[in-house]
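*Asks:* Quick one: this structure, given as structure tokens, is what I'll be asking you about.
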Amino acid sequence: MLAGLAAIGIGLFPMEPLYAQEIVERFPDVPKLTCYKNTGILGYHFYFVGTFFALAFYLVYFRFRAFTPREPTRQKIIRNRIYRICGAAMLVGMVAIGVLDLLHQDSSIFWPETLAVIAFSAAWLVKGRIVLKDRPAQHA
């Protein structure tokens, strides 16, 4: 529930307009930032993002593998391995975002953030058994 609330906060609390300046510089046909009208409280966006990614990492890396039976199926073993890989990819993305922030390269977070989101999405699809479903038991 907390991850869901953080995701809602990401949408309700916008980024500072200064990040949009990069877009305006690259694409001069985009209206200038004077047309930007903030409708939310600024400055909290990254707290919600950090909370969401931290909780999503916890879910993917630890909770998705919980309740593995003593004799897991082959698909469950593969799913657990995918959760660890996706969690590691999310962690790499989050660390890269932190490093870029420390180096004041905040506008370069697109790719690490994309990596973290794609890794979370892949783990979510596997957890939902869109892929790697357990095969039905063979009757003797």
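The values are calculated or read from the model by the stated rules, or taken from the named source; none is laboratory data. What you see is a predicted model, and the numbers here were worked out from it, not measured in a lab. Every residue, glycine among them, receives a Cβ derived from its backbone with ideal geometry; neighbour counts consider all protein chains shown.
*Asks:* Being under 17 Å from I77 (Cα atoms) and touching a Phe, Trp or Tyr at 6+ places or on another chain (Cβ under 8 Å) is the filter here, so list the residues in region 89-132 that pass it.
*Replies:* Answer for region 89-132, where residues must be under 17 Å from I77 (Cα atoms) and touching a Phe, Trp or Tyr at 6+ places or on another chain (Cβ under 8 Å): A123, V126, K127.
*Asks:* Got at least one residue in region 83-95 being modelled with pLDDT of 95 or more and in contact with a Lys or Arg (Cβ under 6 Å, 6 or more places away or on another chain)?
*Replies:* Yes, the conditions are met somewhere in region 83-95.
*Asks:* Just checking, how many residues over region 3-33 are modelled with pLDDT of 90 or more and in contact with a helix residue (DSSP H, G or I) (Cβ under 6 Å, 6 or more places away or on another chain)?
*Replies:* Within region 3-33, residues that are modelled with pLDDT of 90 or more and in contact with a helix residue (DSSP H, G or I) (Cβ under 6 Å, 6 or more places away or on another chain) number 4.
*Asks:* Give region 82-135 a look and list any residue that's of a type outside the set (A, V, I, L, M, F, W, C), more than 14 Å from F64 (Cα to Cα) and under 10 Å from the mean Cα position of the chain (by Cα), or say none.
*Replies:* Of everything in region 82-135, those that are of a type outside the set (A, V, I, L, M, F, W, C), more than 14 Å from F64 (Cα to Cα) and under 10 Å from the mean Cα position of the chain (by Cα) turn out to be G93, P112, E113, T114.
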